[in-house]
Number of protein chains: 2
Amino acid sequence: MTSPSATQDSYPYQNEPIWSRSEKVIARTAFDAALGRELHEVIQEAKRMASQIQQSSDLWDLEHYLTQRRKEIDRKYDYRYSQLTHVFGRLLYEKRLRQEELCGLGEDKLKPIRSFAEFLAEHAA
Amino acid sequence: MTSPSATQDSYPYQNEPIWSRSEKVIARTAFDAALGRELHEVIQEAKRMASQIQQSSDLWDLEHYLTQRRKEIDRKYDYRYSQLTHVFGRLLYEKRLRQEELCGLGEDKLKPIRSFAEFLAEHAA
């Protein structure tokens, strides 16, 4: 007897796709590229904010900005295979990743990645 | 019968000096000047650190520096009359305040301020 959670289309936690060796290389490259771009963005913004500091409130605004961005980045960039379809889905939705960068992943990964990106887009609308 | 804690030379919490109107003006001015100088120092250092950021670890070093300095400044600059002799003592010890800036305070304030500065100097040595 097959339980519903063990069927092919069930939620990935019960039936996670297997990542092949070549898919892991593609995933790592895409992940690092998106993270690198996001960090570059934060560095540029921090330099801009710092250059414009005139009073102590500007100083603590910069601290607050950095703390928020660090926490957000820590949460978002979770490189566990059980989380990667959500991570990439979010990055696609945020336009931090282009579909082409995921080229080479199997449809069993691309489908849930696209689904999650669409889910976020619908809920943001 | 006089309890030991009520005598003239007892610890200030039991026998705090009264700050006159003119002493309060001197205290506020000295306090604000020292705080302003310390904040200026942090602003300059934050600008310097930000201008040299090259990688993410530099970014989080800046965040950590700002958080530490904010907490330290919050702790140090405590403008309650019950705390001011300790505050000024520490600022003298750290050379963030010159003795002349306290000129006009009564000896009942200057004496514990100098004592605390000397106490810190001895314990740092």
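The values are calculated or read from the model by the stated rules, or taken from the named source; none is laboratory data. Remember, it's a predicted structure, so these values are computed and weren't measured experimentally. Quick reminder, even Gly has a Cβ in these numbers, built from the backbone with ideal geometry, and neighbours come from all protein chains shown. Areas reflect the complete protein model, heavy atoms only, side chains present, ligands, DNA and RNA absent. Shrake-Rupley method; radii C 1.70, N 1.55, O 1.52, S 1.80 Å.
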Positions from segment A:28-42 whose accessible area shrinks by 10 Å² or more when the full protein complex is built, not the chain alone, probe 1.4 Å: A:Leu39, A:Val42
Measure nothing but the geometry: give the 0 to 90° angle between the long axis through the Cα atoms of A:21-51 and the longest principal axis through the Cα atoms of chain A, rounded to 10°. 20 degrees
To the nearest 10 degrees, how steeply does helix A:107-124 sit against the main Cα axis of chain A, on a 0 to 90 scale? 50 degrees
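What does the charge count near B:Asp32 come to, summing +1 for each Lys or Arg and -1 for each Asp or Glu among other residues with Cβ under 14 Å from its Cβ? Write down the numbers at each step before the final one.
Values: positive: B:Lys24, B:Arg28, B:Arg37, B:Lys76, B:Arg96; negative: B:Glu38, B:Asp78, B:Glu101.
Summing Lys/Arg as +1 and Asp/Glu as -1 gives +2.
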Roughly how many nanometres apart are two label points built 7 Å out from the Cα toward the Cβ at A:Ile18 and A:Asp32? 2.6 nm
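Can you send over the carbon and sulfur percentage of the accessible area for the protein assembly as shown, probe radius 1.4 Å, protein chains only?
Reported share for carbon and sulfur atoms: 51 percent.
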Per residue accessible area in Å² of chain A, where ligands, DNA and RNA are left out and the probe is 1.4 Å: 62 Å²
Once phi is turned into θ = phi - 60°, what whole-Hz ³J(HN,Hα) does the Karplus curve with 6.51, -1.76 and 1.60 give for every residue of segment B:80-91, x standing for Gly and Pro? 10, 4, 5, 9, 4, 5, 5, 4, 5, x, 5, 5
What does the convex hull of the alpha-carbon atoms of chain B project to on average, in nm²? 9.7 nm²
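Could you give the alpha-carbon Rg of segment B:36-100 over 2.2 N^0.38 Å, rounded to two decimals? List each step's numbers first, then the result.
On the way: Rg = 14.7 Å, N = 65, 2.2 N^0.38 = 10.7 Å.
It is 1.37.
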Nearest 10 degrees, 0 to 90: what angle lies between the long axis of helix A:56-76 and the longest principal axis of chain A (Cα atoms)? 10 degrees
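Can you work out the FRET efficiency for the pair B:Phe119 and A:Asp58, with r the C-beta to C-beta distance and R0 = 25 Å, to the nearest 0.05?
On the way: r = 36 Å, r/R0 = 1.44.
E(calc), rounded to 0.05, equals 0.10.
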Selection of chymotrypsin sites (Phe, Trp or Tyr not before Pro), segment A:47-115, meeting DSSP coil and at most 14 other Cβ within 10 Å: A:Tyr79
So, counting K/R as plus one and D/E as minus one, what does the shell of residues with Cβ under 15 Å around B:Glu101 add up to? +4
Could you tell me which residue out of B:Leu91, B:Ile43, B:His123 lies farthest along the dipole of chain B toward its positive end? Charges go on the beta carbon: Lys and Arg +1, Asp and Glu -1, centred on the Cα centre. B:Ile43
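Applying 1/(1 + (r/R0)^6) with R0 = 41 Å to the Cβ-Cβ distance of B:Arg75 and A:Lys76, what FRET efficiency is obtained, to the nearest 0.05?
Numbers: r = 33 Å, r/R0 = 0.81.
The calculated FRET efficiency here is 0.80.
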Label-point separation, A:Asp108 to B:Glu45 (7 Å along Cα→Cβ), nm: 5.4 nm
Could you work out [θ]222 nm for chain A from helices alone, using -39500 (n - 2.57) per DSSP H run of at least four and dividing by all its residues? Round to the nearest 500 deg cm²/dmol. -22000 deg cm²/dmol
What does the charge count near A:Arg48 come to, summing +1 for each Lys or Arg and -1 for each Asp or Glu among other residues with Cβ under 13 Å from its Cβ? -2
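So how much accessible surface do B and A hide from each other in total, probe 1.4 Å, in square angstrom to the nearest 100?
On the way: alone 8550 and 8560 Å², together 15450 Å².
Using a 1.4 Å probe on protein heavy atoms, the buried area is about 1700 Å².
So for the protein assembly as shown, considering every pair of alpha-carbon atoms, how many percent are separated by more than 23 Å?
Percentage above 23 Å: 67.
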Mean Cα-pair separation over length for chain A, i.e. relative contact order, pairs under 8 Å, 6 or more apart, %: 29 percent
Taking a 1.4 Å probe, which of A:Thr29, B:Thr85 shows the most accessible area, and what order do the others take after it? A:Thr29, B:Thr85
